[in-house]
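A quick write-up on the structure given underneath.
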Amino acid sequence: MISFKKIWINVIPMYNDGITLMLVMTTLVVSSCVGQQRKSERIYFDSEMGSKKIPSFEIFSVNPDGSELRQHTFDAVPRRANSSPKFSPDGKQVIFGTYKYGGYKIAIANSDFTQQRRFTKGPHYTYVGSWSPNGKKVAYNKVDTKGAPYFQGDFEIFLMDIEQSTDVNISNTKGSDFGPQWSQDGKKILFGSDRTGNSDIYIMDANGQNVKNITNTPKIDEFGFSWSPDNSKIAFHVIHRDAKKKYIDLYTMNINGSQRTNLTQNQTSKKNLFVPYYDGAPPIFYGSSWSADGTKIAFSSKRNSNNFQIFVVRANGTEQEQLTHNQANNVFPLWHVE
């Protein structure tokens, strides 16, 4: 919005060809963004900071430069977690994983994590996915089993209609389908699956139709993926199954699987990975998240220590920066505009 302001400027008397300039009135055109203040960005992540003898994860956040550490949840069960926050499109609510309701479930709360309450129902273990762009649905994982124990079985992708509190299985296949993420236009869902024997990245219509494997690499596992803000690229992690030294790196590629680019070239050994939650799972403590302008990517790594730390790298692989420096594990970064 353009606003016009009259500004009186006092000018020191000057003499030029006998003319004395005493006071000048001028009208300046001032460009201002009324009501459009620049929003701040935070990187949210799960961390064991604050845990005592028995480790547990809570949700923390920092500025993109690593400053102003904040803790947002305070009640994780020992050896369990409050984890993986995902904010609604309007920024008013957040869903996250928790053990507070008997087994791993999804909770929902205000964006400041107040008024927490249970989101997913039933005895099955459920895991956070993503909101639809219109905020009316949530894609999430549910362990597919007909009876106890409810934490064992294949992961399936369900869509929850928030207003009607109903859900439907849209993956429904052998193997585990995990990490559903909606595209910005709401038409596609990105997800991972081990249905062919290794972890590949897939894309499908939002109703579960037209499933396509966009990596299709039998000897390579891809996981820890995320859309770029314009949905033109995908950030993801890679581990080579047949390599003598099984290192994990952060890559990007186009949404059709072309132009795979290694951004990190690090030496993070597979032996440093966490034990998966379920058999056949990929290294689930790796995640990635893009900055709002698409120029940087946040990720977790053990490259410099025995514990996971949060890093940021430019989308072209330059200027890698470590944001957290502590003795705890810090995982699952989420770049969020507040």
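The values are calculated or read from the model by the stated rules, or taken from the named source; none is laboratory data. In this text, all values refer to a predicted model and were calculated from it rather than measured experimentally. FYI the Cβ positions are ideal-geometry reconstructions off the backbone, even for glycines, and counts take in every protein chain you see.
Taking each residue of segment 316-327 that is on the phi > 0 side of the Ramachandran plot and looking for partners that are of a type in the set (A, V, I, L, M) with beta-carbon atoms closer than 6 Å, six or more apart or interchain, yields Gly317/Leu263.
Looking only at segment 67-102, residues that are of a type in the set (A, V, I, L, M, F, W, C), outside any strand (DSSP E or B) and crowded, with 19+ Cβ neighbours inside 10 Å come to 1 in all. Within segment 296-316, if we keep just the residues that are among the hydroxyl-bearing types (Ser, Thr, Tyr) and in contact with a strand residue (DSSP E or B) (Cβ under 6 Å, 6 or more places away or on another chain), the residue that is farthest from Gln265 (Cα to Cα) turns out to be Ser300. Return a yes/no flag: does segment 20-33 have any residue that is modelled with pLDDT under 95, among the small types (Gly, Ala, Ser) and in a strand (DSSP E or B). Looking for residues that are modelled with pLDDT under 95, among the small types (Gly, Ala, Ser) and in a strand (DSSP E or B), one finds at least one in segment 20-33, hence yes.
In segment 58-110, what residues are farther than 30 Å from Pro149 by Cβ and among the β-branched types (Val, Ile, Thr)? Selection gives Val62 alone. Would you point out which residue out of Lys142, Lys146 is among the basic types (Lys, Arg) and surrounded by fewer than 22 Cβ atoms within 10 Å (Cβ to Cβ)? None of the others qualify; the one that does is Lys146.
For Lys296, state whether it is basic (Lys, Arg), modelled with pLDDT of 90 or more and crowded, with 17+ Cβ neighbours inside 10 Å. Yes.
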